[in-house]
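Here is the structure we will look at, set down as structure tokens.
The values are calculated or read from the model by the stated rules, or taken from the named source; none is laboratory data. Everything numeric here is computed off the predicted structure, so don't read it as measured data. We place every Cβ from the backbone using ideal geometry, glycine too, and count neighbours over all the protein chains shown. The accessibility values were calculated without ligands, DNA or RNA, using every heavy atom of the protein model including side chains. Shrake-Rupley method; radii C 1.70, N 1.55, O 1.52, S 1.80 Å.
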Amino acid sequence: MNTTSFDFGMIGLGVMGRNLLLNMADHGFSVVGFDKDASKTTTLETSATPGTTVKGVNTLAEMIASLKKPRKLMMLVPAGKPVDDVIGDLLPLLEKGDIVIDGGNSHYTDTLRRVGFLKDKSFHFMGVGISGGEHGARTGPSIMPGGDPEAYANVQPLLEAVSAKVNGSPCVAYLGKGAAGHYVKMVHNGIEYAIMQLISETYDLLHRGLGIDNDELHKIYKNWNDGELQSFLVEITRDIFLQKDDKTDNRLVDMILDKAGSKGTGKWTSQDAMDLPVPIPVIDMAVSLRDLSVYKDERTQAAALYKTTPVEIPVPKEVFIQQVQDALYFATIISYAQGLAMLHKASTELGMEIPLPEVVRVWRGGCIIRSSLLEVFYKAYQVNPQLPNLLLDGSVAHLLQAKKQNIRSVLTLAIQMGYPVAGLMASLSYFDAYRSDRLPTNLIQAQRDYFGAHTYQRIDMPGVFHTEWGK
Ligand code: 6PG
């Protein structure tokens, strides 16, 4: 191959960058990967499928010289300063018309700033969310592009080729203006946090509450995944229970410390939801509970201080397992509803014009939150693409109505017995508040007017009122 004929370039050959580039090569594109670390370029070349065109280079200049014009390249480097550093390095090397994709988990405001800075100055810059982990990157991720529609049209065939497919339809679509791609990915991760928290609560109820061992847990989550709870996250949970520890005779899950890390995308979702504002309490709770998990030493002290003897859940096992399944189903729907309501609001408030039916279509395959429920949501958005909240869709309402009694039963017991179920509880509380046409906020408004003359509106006449309370 001559030196200027490669279709696509990748900057950063960590596992995600390497796998995505190899995926492109598997689909017939000639690709070049750049990393300063020579061992990474060697691994790239040695892991390529025989017969594909894959080259590793150790200077950016060499990569730029080897790309067809207009050049198309992606960076998969850690979010933050590394992205700005790469842009700085690329500025003298690229020309107008070239397209640079940031495929990492950048904060959307950084992407907006970069798009603004580069506009009319140099190359096209696109923020693109990519989900599916290292396996997904190699075999077909879900891809969430946003930004300049012209630039998207240029890379669309390539992104469609490498993405996951559902019923033959590629899990990629243009998802809106500016930083919409990274915004949608951020909210995807918020939903991911929520569902992971909910699954962990169901595990706790079954494991500590009913004393169910890992083999049986495997069977239960397998049944769930074979049924209406079919999803990637339930599927991997099923498999986790069987994983043996290679250092002891135990199952690995039992040997893992109960402290969860986070890179920040869940927190960003909550922070931005507060700014919009739009309520997403299951996601907020999931972020908080991950944070709480980190306070292990304090939790250990508190456990000794508030010592309670573990109590078994006093309900027949099979009945409780069914109720927990329904509770997870209910709360999972609420998690998606909150994330999608946030996207609906952001779409107009932030001027991103995010097409929700396309978001849901793209999430059906390849990504971490893929699940059979997305088919239901896809239909809901076909009926009304401007649906402000999934809870207002008739078929979603039908599903929630069928499960709401069981989540109440699970929570009643869990609260009585002292099991921490904050995510499940947040989902039911949100549901109960959202479906209330009369909330007690009239009292809050009265209090605000009482101490701060903030005024209030009345139920019987238009206008804004203030009262000299207590006089
Ligand atoms: C994905 C994942 C991916 C990654 C997150 C996890 O969609 O493929 O969401 O982006 O696993 O970085 O984030 P935390 O470290 O915050 O859990």
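Of the residues that make up region 354-375, is at least one in contact with a Pro (Cβ under 6 Å, 6 or more places away or on another chain), assigned by TED's automatic domain parsing to the domain that holds THR269 and assigned to a helix (DSSP H, G or I)?
As a first pass, look at region 354-375 and keep what is in contact with a Pro (Cβ under 6 Å, 6 or more places away or on another chain): 357, 366.
Among the residues that remain, those that are also assigned by TED's automatic domain parsing to the domain that holds THR269 are: 357, 366.
With assigned to a helix (DSSP H, G or I) added as a condition, the list becomes 357.
Scanning region 354-375, I find at least one residue that is in contact with a Pro (Cβ under 6 Å, 6 or more places away or on another chain), assigned by TED's automatic domain parsing to the domain that holds THR269 and assigned to a helix (DSSP H, G or I), so the answer is yes.
Confirm whether GLY190 is at pLDDT 95 or above and open to solvent by less than 10 Å² (accessible area, probe 1.4 Å).
Judged against the criteria, GLY190 is a match.
Is it the case that some residue within region 334-346 is of a type in the set (Phe, Trp, Tyr), under 28 Å from SER262 (Cβ atoms) and open to solvent by 10 Å² or more (accessible area, probe 1.4 Å)?
Step one: of region 334-346, the residues of a type in the set (Phe, Trp, Tyr) are 336.
Among the residues that remain, those that are also under 28 Å from SER262 (Cβ atoms) are: 336.
Filter again for open to solvent by 10 Å² or more (accessible area, probe 1.4 Å), leaving none.
Among the residues of region 334-346, not one is of a type in the set (Phe, Trp, Tyr), under 28 Å from SER262 (Cβ atoms) and open to solvent by 10 Å² or more (accessible area, probe 1.4 Å), which makes the answer no.
Here are some conditions: (1) on the phi < 0 side of the Ramachandran plot; (2) modelled with pLDDT of 95 or more. PHE123 meets all but one. Which one does it not meet?
Failed condition: (2).
Every residue in region 142-172 that is open to solvent by less than 10 Å² (accessible area, probe 1.4 Å) and β-branched (Val, Ile, Thr), please.
Listed by number, the residues that qualify are ILE143, VAL155, VAL162, VAL172.
Tell me which residues, restricted to region 128-141, are buried (at least 20 other Cβ atoms within 10 Å of the Cβ), part of a helix (DSSP H, G or I) and more than 12 Å from the ligand (Cβ to nearest atom).
Within region 128-141, ARG138 is the sole residue that qualifies.
Could you list, in sequence order, the residues of region 20-71 that are outside any helix (DSSP H, G or I), of a type in the set (Val, Ile, Thr) and either open to solvent by 60 Å² or more (accessible area, probe 1.4 Å) or not assigned by TED's automatic domain parsing to the domain that holds THR139 (or both)?
Taking region 20-71 first, the residues outside any helix (DSSP H, G or I) are 27-37, 47-59, 66-71.
Pick out the ones that are also of a type in the set (Val, Ile, Thr) and you get 31-32, 49, 52-54, 57, 59.
Passing the criteria: only THR59.
For the list (1) within 15 Å of the ligand (Cβ to nearest atom); (2) in contact with a Pro (Cβ under 7 Å, 6 or more places away or on another chain), I need the number of the one condition that ILE99 fails.
Only one criterion is unmet by ILE99, namely (1).
Which of (1) more than 16 Å from the ligand (Cβ to nearest atom); (2) surrounded by fewer than 20 Cβ atoms within 10 Å (Cβ to Cβ) is the odd one out, the single condition LEU90 does not satisfy?
Only one criterion in (1) more than 16 Å from the ligand (Cβ to nearest atom); (2) surrounded by fewer than 20 Cβ atoms within 10 Å (Cβ to Cβ) is unmet by LEU90, namely (2).
Does at least one position in region 1-8 carry a residue that is at negative phi and either part of a helix (DSSP H, G or I) or without any contact (Cβ under 8 Å) to a residue 40 or more places away in the chain (or both)?
yes
Run LYS263 past the list (1) touching a residue at least 12 places away in the same chain (Cβ under 8 Å); (2) within 16 Å of the ligand (Cβ to nearest atom); (3) part of a helix (DSSP H, G or I) and report the number of the one that doesn't hold.
Status for LYS263: all satisfied but (3).
Among (1) open to solvent by 30 Å² or more (accessible area, probe 1.4 Å); (2) in contact with a strand residue (DSSP E or B) (Cβ under 8 Å, 6 or more places away or on another chain), where does PRO388 come up short?
Every listed condition holds for PRO388 apart from (2).
State which residue pairs qualify: first residue farther than 16 Å from GLY261 by Cα and inside region 178-194, second residue within 7 Å of the ligand (Cβ to nearest atom) and open to solvent by 10 Å² or more (accessible area, probe 1.4 Å) in any location, beta carbons under 7 Å apart, and separation of 6 or more residues or different chains.
Between residues of region 178-194 that are farther than 16 Å from GLY261 by Cα and residues that are within 7 Å of the ligand (Cβ to nearest atom) and open to solvent by 10 Å² or more (accessible area, probe 1.4 Å), the close pairs are LYS185/ASN105; MET186/THR265.
Being open to solvent by 10 Å² or more (accessible area, probe 1.4 Å), away from the ligand (no atom under 16 Å from the Cβ), assigned by TED's automatic domain parsing to the domain that holds MET285 and touching a residue at least 12 places away in the same chain (Cβ under 8 Å) is the requirement here; does LEU252 meet it?
Numbers: open to solvent by 10 Å² or more (accessible area, probe 1.4 Å): yes; away from the ligand (no atom under 16 Å from the Cβ): yes; assigned by TED's automatic domain parsing to the domain that holds MET285: yes; touching a residue at least 12 places away in the same chain (Cβ under 8 Å): yes.
Criteria met by LEU252.
Would you pick out the residues in region 448-459 that are assigned to a helix (DSSP H, G or I), without any contact (Cβ under 8 Å) to a residue 12 or more places away in the chain and surrounded by 12 or more Cβ atoms within 10 Å (Cβ to Cβ)? Write out each step before concluding.
Quick first cut of region 448-459, residues assigned to a helix (DSSP H, G or I) only: 448-452.
The next check asks that each one be without any contact (Cβ under 8 Å) to a residue 12 or more places away in the chain; those that pass are 448, 451-452.
ARG448, the sole residue that qualifies.
For region 145-185, give me the residue count where each residue is of a type outside the set (Gly, Ala, Ser), outside any helix (DSSP H, G or I), touching a helix residue (DSSP H, G or I) at 6+ places or on another chain (Cβ under 7 Å) and within 20 Å of PHE123 (Cβ to Cβ). Show your work before the answer.
Quick first cut of region 145-185, residues of a type outside the set (Gly, Ala, Ser) only: 145, 148-150, 152, 154-160, 162, 165-167, 170-172, 174-175, 177, 182-185.
Retained after the next criterion (residues that are outside any helix (DSSP H, G or I)): 145, 148, 165-167, 170-172, 174-175, 177.
Then drop every residue that is not touching a helix residue (DSSP H, G or I) at 6+ places or on another chain (Cβ under 7 Å), which leaves 145, 170-172, 174-175.
Going one step further and asking which of them are within 20 Å of PHE123 (Cβ to Cβ), we end up with 145, 174.
Matching residues across region 145-185 total 2.
Residue pairs, Cβ under 8 Å, 6 or more apart or interchain, first in region 146-162 and under 17 Å from GLU358 (Cα atoms), second basic (Lys, Arg). List them.
Partner pairs satisfying both residue conditions: GLY146/LYS177; GLY147/LYS177.
Taking the condition of being more than 17 Å from the chain's Cα centre (by Cα) and assigned to a helix (DSSP H, G or I), how many residues in region 270-319 meet it?
Total meeting the criteria: 19.
Give region 119-134 a look and list any residue that's free of Cβ contacts under 8 Å to residues at least 24 places away in the same chain and out of contact with any strand residue (DSSP E or B) (no Cβ under 9 Å at 6 or more places or on another chain), or say none.
Step one: filter region 119-134 for residues free of Cβ contacts under 8 Å to residues at least 24 places away in the same chain, giving 119-121.
The answer is ASP120, LYS121.
Within region 436-443, does at least one residue satisfy the condition of being among the basic types (Lys, Arg) and not in a loop (DSSP other than H, G, I, E, B)? Write out each step before concluding.
Of all residues in region 436-443, those among the basic types (Lys, Arg) come to 438.
Subsequent filtering for residues that are not in a loop (DSSP other than H, G, I, E, B) retains none.
No - not one qualifying residue is present in region 436-443.
Only one of (1) more than 14 Å from the ligand (Cβ to nearest atom); (2) open to solvent by 10 Å² or more (accessible area, probe 1.4 Å); (3) more than 30 Å from TYR419 (Cβ to Cβ) is not met by LYS185, so which one is it?
That leaves (1) as the condition not met.
With the structure loaded, tell me whether GLY365 is touching a Lys or Arg at 6+ places or on another chain (Cβ under 9 Å), open to solvent by less than 70 Å² (accessible area, probe 1.4 Å) and within 16 Å of the ligand (Cβ to nearest atom) or whether it fails that test.
Working: touching a Lys or Arg at 6+ places or on another chain (Cβ under 9 Å): yes; open to solvent by less than 70 Å² (accessible area, probe 1.4 Å): yes; within 16 Å of the ligand (Cβ to nearest atom): yes.
Yes; evaluated as a whole, the condition is true for this residue.
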